[in-house]
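Here is the structure we will look at.
All of the numbers you see were taken from the coordinates with simple rules; none came from a lab. Computed from a predicted model, the values in this text were never measured in an experiment. Here Cβ is always computed from backbone atoms with ideal geometry, including for glycine, and neighbour counts include all displayed protein chains.
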Amino acid sequence: MNKIGCLLLITGLLVGWNCVGPEEPEDGLIEDLPAVVNTTEVFTFNLKGNNYFFEEEYTLSMKPDSNTVLTTSLIVTNWSGSDTSRIFMINASDTTYAWFQITGNLTYTATDSLSNDTKFHPSNIQIEGTNFSGTMQFSLFKD
């Protein structure tokens with residue numbers, strides 16, 4: 001290899017080595033990419049959207065029983081636009097256990113004791129949004 005070729009190779013390596021990737025998001029969320037955790041103890045759906053359209057459905061990994069106390073939390077910040085987003089908690093008998101309509105910033109928390117009949121316990125989560133802009137943090141966890 002001649003001297004010019006070696007010089008170009010070394011220059012290319014140095015330039016490539018010193019390049020930096022994109023900045024890490026401050027809140028850990030990448031725009032328009034939901035972060036979902038679905039374990040036996042907790043379900044979370046976190047989203048930082050920018051005119052984002054989505055329709056998601058998840059089968060809960062948690063299997064609550066009659067001794068379970070469920071805590072539900074929904075926080076929406078930096079909401080903008082005229083979209084309507086919804087979250088549906090569907091139970092084992094395929095009816096709606098609870099639902100939320102998002103049309104602005106909000107903070108909601110509730111704690112519920114479950115009935116003895118497990119067919120009424122939440123088993124699926126459906127989340128839909130049309131042109132969602134803002135940050136959404138939805139959590140459901142067993143106590």
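List the residues, sorted by chain then number, that are 5 or more residues from Thr84 or on another chain and whose placed amide H is less than 5 Å from its amide H.
Thr130
Select from Pro34, Ser93, Thr71 the residue farthest towards the positive end of the dipole of region 28-142; place +1 on Cβ of Lys and Arg, -1 on Cβ of Asp and Glu, and compute about the Cα centre.
Positive-most Cα among the choices belongs to Thr71.
How many nm separate the modelled label positions at Asn78 and Asp94, each set 7 Å beyond the Cα in the direction of the Cβ?
4.0 nm
Give me, ordered by chain and number, the residues 5 or more places off Leu60 or on other chains with an amide H under 5 Å from its own placed amide H.
Correct list: Asn124, Ile125.
How large is ³J(HN,Hα) for each residue in region 33-49, as worked out from phi by the Karplus curve 6.51 cos²θ - 1.76 cosθ + 1.60 (θ = phi - 60°), to whole Hz, x for Gly and Pro?
9, x, 10, 10, 10, 9, 10, 6, 10, 8, 10, 9, 10, 10, 8, 10, x
Which ³J(HN,Hα) values in Hz, rounded to whole numbers, follow from the phi angles of region 102-110 under the Karplus curve 6.51 cos²θ - 1.76 cosθ + 1.60, where θ = phi - 60° and Gly and Pro get x?
Those phi angles translate into 10, 10, x, 5, 7, 9, 9, 9, 9 Hz.
How much length would be gained if the chain were fully extended between Asn116 and Asn131, taking 0.36 nm per residue of separation minus their Cα-Cα distance, in nm to one decimal?
1.5 nm
What distance in nm lies between label points placed 7 Å from Cα along the C-beta direction at Thr40 and Phe141?
Label-label distance for Thr40 and Phe141, simple model: 1.7 nm.
Provide the per-residue ³J(HN,Hα) series for region 85-101, in order, calculated from phi with Karplus coefficients 6.51, -1.76, 1.60 and θ = phi - 60°, each as a whole number of Hz, with x at glycine and proline positions.
10, 9, 10, 10, 9, 9, 8, 5, 8, 6, 10, 7, 7, 7, 8, 10, 10
Amide H to amide H, which residues 5 or more places from Leu114 or on other chains are under 5 Å from it, using H placed in the peptide plane?
Here the answer is Thr68, Leu70, since their amide H atoms fall under 5 Å of that of Leu114.
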